[in-house]
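See below for the structure under consideration.
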Amino acid sequence: MTDTNAPDPDIVRLTARVTGAVQGVGFRYWTARKADELGITGSVRNDDDGSVAVVAEGPQPVIIEFRRWLASREAPGRVAHVDETMSPAEGKFKGFDVVV
């Protein structure tokens with residue numbers, strides 16, 4: 001018998017801290033736009049240290065594509081580094097929000 005309340009192992013959570021010239025360049029809004037395009041949920045916010053915090057949930061292949069985008073030249077500003085962890089999704093997001 002399958003537990004229908006068990007989390008889907010193919011749905012994962014990416015928690016990332018993006019550093020570089022990523023504030024004041026529209027990074028949060030472009031990140032939310034990319035997340036909407038990919039159909040993933042989560043949030044993005046500026047942190048006081050100049051970094052941007054990103055939490056995203058969705059199917060693992062899509063999250064991997066999103067992670068690649070975060071570190072690419074396609075993302076606005078100049079990303080120096082993306083520190084990230086992957087974990088099972090928690091399912092707490094309804095959409096992808098820009099936190100102000």
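The values are calculated or read from the model by the stated rules, or taken from the named source; none is laboratory data. Note that this is a predicted model, so its numbers are computed, not measured. Cβ sites come from the backbone with ideal geometry, for glycine too, and all protein chains shown count toward neighbours.
Details
- In summary, Gly42 fulfils each of the numbered conditions (1) at negative phi; (2) part of a strand (DSSP E or B) with the single exception of condition (1).
- Filter pass, Val99 being surrounded by fewer than 17 Cβ atoms within 10 Å (Cβ to Cβ) and among the hydrophobic types (A, V, I, L, M, F, W, C): yes
- Subset of segment 42-67 (residues that are crowded, with 17+ Cβ neighbours inside 10 Å, within 23 Å of Ile11 (Cα to Cα) and among the polar types (S, T, N, Q)): Ser43
- Selection status of Ser43, of a type outside the set (Phe, Trp, Tyr) and in contact with a helix residue (DSSP H, G or I) (Cβ under 9 Å, 6 or more places away or on another chain): yes
- Residue match in segment 68-77 (condition: loosely packed, with under 15 Cβ neighbours inside 10 Å and more than 16 Å from Ala21 (Cβ to Cβ)): yes
- Verdict on Thr85 being of a type in the set (Ser, Thr, Tyr), part of a helix (DSSP H, G or I) and at pLDDT 95 or above: no
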